[in-house]
Amino acid sequence: MEITKSERKSSIDIGIPEADRAEISKGLSKLLADSYMVYVKTHNYHWNVTGPHFHSLHAMFEEQYSELAPAIDEIAERIRALGFFAPGSFKAFSKLSKITEEEEVPDAMTMVENLVRANEQLLQTAREALPACESGNDEASLDLLTQRLQVHSKTAWMLRSILQ
């Protein structure tokens with residue numbers, strides 16, 4: 001049965017109450033901000049890495065920021081699916097993120113150390129968003145968070161391995 005224009009609802013009725021959707025969206029917005037900051041940091045390092053590990057780090061950083069680009073889009077689209085606007089400016093990301101911008105070009109091993117810390121922060125931010133998803137019975141957001149936890153756990157491990 002087709003819905004007429006006069007019957008169209010403007011509210012979202014996906015089985016998750018608005019208050020829960022708002023709380024989930026807040027957590028996902030923080031994850032989006034942290035993810036974007038890691039994306040920018042990793043891309044910066046890809047462009048600017050030097051030294052004896054140049055080739056392997058240049059390639060690894062490219063692989064990492066290339067994985068992050070579609071993930072950022074998925075996080076933002078999930079926020080929209082929950083009925084809220086996704087943050088999308090550096091100003092908004094800076095306010096929400098616990099990851100700081102890079103102003104200098106560090107040496108290669110400092111880049112790796114910084115990315116370990118940044119990925120570990122992403123893991124913490126994702127974990128902080130889990131309770132709201134669980135209490136709101138939002139399996140789609142839980143799945144998204146689980147995927148991000150797996151990726152960033154592996155990324156942090158691989159980066160830490162370079163430092164040992």
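A short reminder: the numbers here are calculations on the coordinates, not readings from a lab. Computed from a predicted structure; not experimentally measured. Virtual Cβ from ideal backbone geometry, glycine too; neighbours counted across all protein chains shown.
Inspect the range 41-56 for any residue being polar (S, T, N, Q), within 24 Å of Thr146 (Cα to Cα) and not in a loop (DSSP other than H, G, I, E, B) and give the result as yes or no.
Yes - at least one qualifying residue is present in the range 41-56.
Has the range 66-79 got at least one residue that is more than 24 Å from Leu149 (Cβ to Cβ) and in a helix (DSSP H, G or I)?
Within the range 66-79, the subset more than 24 Å from Leu149 (Cβ to Cβ) is none.
Within the range 66-79, not a single residue is more than 24 Å from Leu149 (Cβ to Cβ) and in a helix (DSSP H, G or I).
Identify the residue in the range 144-164 that is surrounded by fewer than 16 Cβ atoms within 10 Å (Cβ to Cβ) and of a type in the set (Ser, Thr, Tyr) and, among all such residues, is farthest from the chain's Cα centre (by Cα).
Taking the range 144-164 and keeping what is surrounded by fewer than 16 Cβ atoms within 10 Å (Cβ to Cβ), we get 146-147, 149-150, 153-154, 157, 160-161, 163-164.
From the residues that got through so far, the ones that are of a type in the set (Ser, Thr, Tyr) too are 146, 153, 161.
Numbers: Thr146: 12, Ser153: 13, Ser161: 22 Å.
Only one residue tops the list, namely Ser161.
Can you pull out the residues in the range 9-59 that are within 22 Å of Ser94 (Cα to Cα) and among the acidic types (Asp, Glu)?
Glu23, Asp34 - these are the residues of the range 9-59 that are within 22 Å of Ser94 (Cα to Cα) and among the acidic types (Asp, Glu).
Does the range 17-32 contain any residue that is out of contact with any helix residue (DSSP H, G or I) (no Cβ under 7 Å at 6 or more places or on another chain), part of a loop (DSSP other than H, G, I, E, B) and in contact (Cβ under 8 Å) with a residue 24 or more places away in the chain?
Yes, that holds for at least one residue.
Residues checked against (1) in contact (Cβ under 8 Å) with a residue 12 or more places away in the chain; (2) buried (at least 19 other Cβ atoms within 10 Å of the Cβ); (3) in contact with a Leu (Cβ under 7 Å, 6 or more places away or on another chain):
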residue	(1), (2), (3)
Ile75	yes, yes, yes
Arg80	no, no, no
Gly88	yes, no, no
Lys91	no, no, no
Ser97	yes, yes, no
Thr100	yes, no, no
Glu104	no, no, no
Asp107	yes, no, no
Arg117	no, no, no
